[in-house]
Amino acid sequence: MKARALAAASLALQLGAAGAAHAAEEADGRAVGPGAPVVSRSATDPWEAAARRATDAVEAERKRAEPLALAQALARRAEVRQSLGHRSDALADLREAVALLEGRDAPAGLRAALTGALGQAYFLAGDSERAEPVLAQALELARRAQAPRIEAAVQNDRGLALAADGRTTPALEAFAAAARLARAADDGLLAAQAQVNAARVLQRAGRHADSAASARAAIAVLGTLPDSRESAFQLAGAGELLRRAAGGGPAEALRGEAEASLAAAERMAERLGDARAAAYALGYRAELALDRGRRADAESLNARATFAAQASGAPEAIFLWQWQSARIADRAGRADDALAAYRRALAALAAVKADYAAELWASRESFRAEVGPAFLGFTDLLLRQAAATGDPARVRSGLEEARAVLERFKTVELEDYFRDDCVARYLARARPVEHTAARTAVIYPVPLADRLELLVSIGSEMRLFTVPVGEPALRAEALALRRLLEKRTTYQYLPHARRLYDWVIRPMEKVLADAGVDTLVFVPDQPLRSIPLGALHDGTDFVIARYALATAPSLTLVEPRPLALRSARVLASGLTEPVQGYPALPFVGIELDELGAFAAGHVLRDRTFTAENLERELRDKTFAVVHLASHARFDADSRRSFLLTYDGRMTIDRLEASMKANRFRDEPIELLFLSACQTAAGDERAALGLAGVAVKAGARSALATLWHINDQASSMLVAEFYRQLGEPGVTKAEALRRAQRKLLADLRYRHPGYWSPFLVIGNWL
């Protein structure tokens, strides 16, 4: 969260009124402003006090029944709510405020300001599709009102929205316009803000020299302005961008400029008595000292940054600098200090996770890329310590804590992907599964920079296997295997399938055999999410010759429960005809007919397979199995993932809402079968969505495909899967293994490109 300036156009600035920022200033005696990092706050925090006063003002204006005054009061409360991270509440206030101006003779500047704030609120909520037209409207209104200051603020927000969508050139043009207009309006702070934002976009694009030039321009402007919290944050942000522009090379002059800017930010924060701004300036200075190889200086600066963060009560800053403390201590060989710092860092992150995820979503940055290294660094150290100790009790304790850290990471990562509390809801029903399944091994592959760790649980026993292959090599092999598996006319995949077997399965073969294991449940991390592990090959046969396989997005997100198919009620739905540019699936008809022979239920086929009909069935009836045989796609952005129906594309969110409409909350479906799914090769975030679909849809398990395969082969496998699942005592994982082996025995479909992309996800029993 590095002090991003996402909320660049504050309502207090746009309205030219004593807005929420000033209310907070009165409460704690410090200047505040847009672009400061968002943190969770206690009820005694000045921002919470400002929120209460803003609400009192709104209620007073409602009683007065003065629409324009009420609109401004709502706007000021929205600013406070935005700063507190209450984005949906802020959005609701701004929608009401803008609606109050409709049909009224409102000042043009006020209309422009409120419309711009609404566009910004949509952006901060991650809805750039709505943000862009609203910001365009605000820009036009500001021009008509001849309000360059408001126009500059809107251009700055447009730049942020455009950059989030990957449109670098128009984003930079918007930032340039914002800086030019702000200078014309004699608003140096907003001009500097726009230049820092431009520098950040240029840095992401790899244009480090241009990024440094833009950061320098911002620093020059900030040097002419009076002290303020926002100026201190912008100086710190510009200094950090200069540090990054220097990279790991010999750019010591650039590092000197970064140091000067960060030191200036620190001095300004001290003059203001602003511990939070000081925490960021000091923390960035510590990073710079590490770049220069000055570990003692880095440790001293980081200790001061951590103290300032704690004094300011900002969990986000505490997370960043405790995490940095952990890295510094680890490099110095002080493992116990590093572990303690990691624990404090993740505890602080828990307090601010929702705000952090929302901000990253708004800027389309990766939660995993920003936060994942903290979880993985902690796990790495725990595993190293466990491997080094000779004390069995300490080994066990270290491995258990490492698994717990991985669980926390996987659940928050999945929750971030779907952007809701589906994981928290599911956790209420979950329980540890390795103690409930005999002859089952639960495997966490942990890809690290220098090695692959395999954390294996069999019953109550836990073992660790270390493979000397780093994450880059593992990723390259996984991507090559995935691409070549989809080429069903060659055996080029085989060397990669063997190599991955040697890395992922062979190290634990003897332990699995001694324990009589017949089922492997993988909790995969990148890059193993997007490959079918059943296609790995030992040189003689595929993995499915010996093991039934399942995957889980997280161990605690699995709710074990066998499925009695013969007594289950089934909703069988699908398309056989070509619709919306997608090809026909003629064998789906056979698939649906055969499924109907196994269990009672209802069928939606072709013209009757509409979103409305599917919703009605899910709302009005109870099904144990929901089988959806249609094209489906999982995207890196969960909002673009969909299931094709006869009349359109049904989002996974809409599917979830349909399933929640009745008593699935208490009696979740046992199996959601998604046939003909597709995820792009190498798109590990899309694969995360596929892995989490059962959780999102409120199902105990899912069966889905990583890529679309031959229609006839798919129908044969599906029919055999349900036949086997109808046999007494056969688990879903074993039923899939038998169906896959039947296809493997057919000369037409022996290539793993036909049978391997089917995955059991979640409850495999």
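The values are calculated or read from the model by the stated rules, or taken from the named source; none is laboratory data. Quick caveat: nothing in here was measured; it's all calculated off a predicted structure. For neighbour counting, all protein chains shown are included, and Cβ atoms are generated from backbone atoms with ideal geometry for every residue, glycine included. Surface accessibility is based on the protein's heavy atoms, side chains included, excluding ligands, DNA and RNA. Shrake-Rupley method; radii C 1.70, N 1.55, O 1.52, S 1.80 Å.
Quick notes
- Length-normalised contact order for segment 429-516 - Cα pairs under 8 Å, 6+ apart - percent: 22
- Computed label-point distance, nm, for sites LEU747 and ALA473 using a 7 Å Cα→Cβ extension: 4.0
- Using θ = phi - 60° and Karplus 6.51 cos²θ - 1.76 cosθ + 1.60, couplings along segment 623-628 (whole Hz; Gly, Pro as x): 10, 8, 10, 10, 10, 10
- Each residue, THR608 and GLU370, gets one label point 7 Å from its Cα in the Cβ direction; the gap between the two is 4.8 nm.
- Highest average packing first - 368-381, 479-492, Cβ atoms within 10 Å: 368-381, 479-492
- When the pairs LYS410/LYS742; LYS621/LYS696; LYS410/LYS696 are compared against a 26 Å limit on Cα-Cα distance, LYS410/LYS742 fall above it.
- The residues of segment 267-322 expose on average 36 square angstrom of accessible surface per residue, using a 1.4 Å probe on protein heavy atoms.
- Centre-to-centre separation between the Cα atoms of segment 88-156 and those of segment 192-232: 25 Å.
- Under 19 Å from LYS732, Cα to Cα: aspartates and glutamates that are on another chain or at least 8 residues apart: GLU434, ASP518, GLU559, GLU591, GLU594, GLU667, GLU670, GLU720
- Comparing Cα centroids, segment 368-418 and segment 315-338 end up 15 angstrom apart.
- Bridgeable aspartates and glutamates around LYS63 (alpha carbons under 18 Å apart, same-chain partners fewer than 8 residues away excluded): ASP93, GLU96.
- Within segment 75-108, GluC sites (Glu not before Pro) in DSSP loop having at most 13 other beta-carbon neighbours inside 10 Å: GLU102
- Segment 236-291, relative contact order [Cα under 8 Å, separation at least 6], %: 37
- For THR645, residues with placed amide H under 5 Å, excluding near neighbours: MET650
- Among 458-464, 543-549, the peptide with the highest mean count of other Cβ atoms within 10 Å heads the list, and the full ranking is 543-549, 458-464.
- Look at where the Cα atoms of segment 699-761 and of segment 594-649 average out, and the two centres are 19 Å apart.
- Peptides 694-703, 124-133 ordered by average Cβ neighbours within 10 Å, highest first: 694-703, 124-133
- Rg [Å, one decimal], Dmax [Å, integer] - segment 462-544, C-alpha atoms: 12.9, 41
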